[in-house]
1. At 1.4 Å probe radius, can you tell me the per residue accessible area of the chain in Å²?
2. Roughly what angle does helix 22-33 make with the longest principal axis of the chain, taking Cα atoms, 0 to 90 degrees, to the nearest 10?
3. Please work out the Kirkwood hydrodynamic radius for the chain, using every pair of different C-alpha atoms, and report it in angstroms with one decimal place.
4. Of the cross-linked pairs Lys32/Lys90; Lys4/Lys32; Lys5/Lys30, which ones have a Cα-Cα span greater than 20 Å in the structure shown?
5. By how many nm would the segment from Gln96 to Lys30 grow when fully extended, if each residue of separation counts as 0.36 nm and the alpha-carbon distance is taken off?
6. Once label points are set 7 Å from the Cα along Cα→Cβ at both Lys103 and Phe124, what is their separation, rounded to one decimal in nm?
7. Let me have the 222 nm mean residue ellipticity of the chain computed from DSSP H runs of 4+ only, each contributing -39500 (n - 2.57), with the sum over all residues rounded to the nearest 500.
8. For a test of the definition: using alpha carbon positions, the gyration tensor, and the 1.5 limit on a/c, classify the range 62-133 as rounded, prolate or oblate.
Amino acid sequence: MGAKKIVDEDEVIRWFAQGKTYQWMIDEYKRKYGIDTVSSMWGNFRRRRNLSRRITRNDRLIPWFVKAEHRWLYPLAMLRIEARRRDGKKLPELEQTRLKAWKEMLEEENAVVHYDPETEEGFFYVPRQEGDDDLIHEPEEQTTQRPNADS
């Protein structure tokens, strides 16, 4: 049913290339064509057309299953930005500035990010230890539970 709602596939492919958000597409389709859509329709279109993922997943930088109450904390936000940078995504200037300052702070403090889901705080900066060769303290085991939506 979703495919029939798409009036101009080339237009939608351009929107994906321009990095438009699903919400922007929903709003634009309603404004331009009077058609109500939902984000899952756009995600399904992306998968069917084999377009690039909208987010970057980097289980090396974020190897944990992060509890809902911790998902918007600053250390995790910075790790996500760094993942996008490493993936070659263009970062807005503000994100570049914030990321640079955050990484400088980690370097100055000789610290890495540690995640403990059993605490209220969730994320901590801890002293870098032998074997910490990136921005995080490697957990004993990876707990990321997300399936790869493109597999």
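1. The answer is 66 Å² per residue.
2. It works out to around 20 degrees.
3. The answer is 17.8 Å.
4. Going by Cα-Cα distance, Lys32/Lys90 fall outside the 20 Å limit.
5. My answer for the length gained is 20.4 nm.
6. 2.6 nm
7. For the chain, the value works out to -13000 deg cm²/dmol.
8. Oblate, because a/c is 1.5 or more while a/b does not exceed b/c.
The values are calculated or read from the model by the stated rules, or taken from the named source; none is laboratory data. Since the model is a prediction, treat every value here as computed from it, not as a measurement. When we count neighbours, we look across all protein chains shown, and the Cβ atoms used for this are built from the backbone with ideal geometry, even at glycine. Side chains included, ligands, DNA and RNA excluded: accessible areas come from the protein's heavy atoms. Shrake-Rupley method; radii C 1.70, N 1.55, O 1.52, S 1.80 Å.
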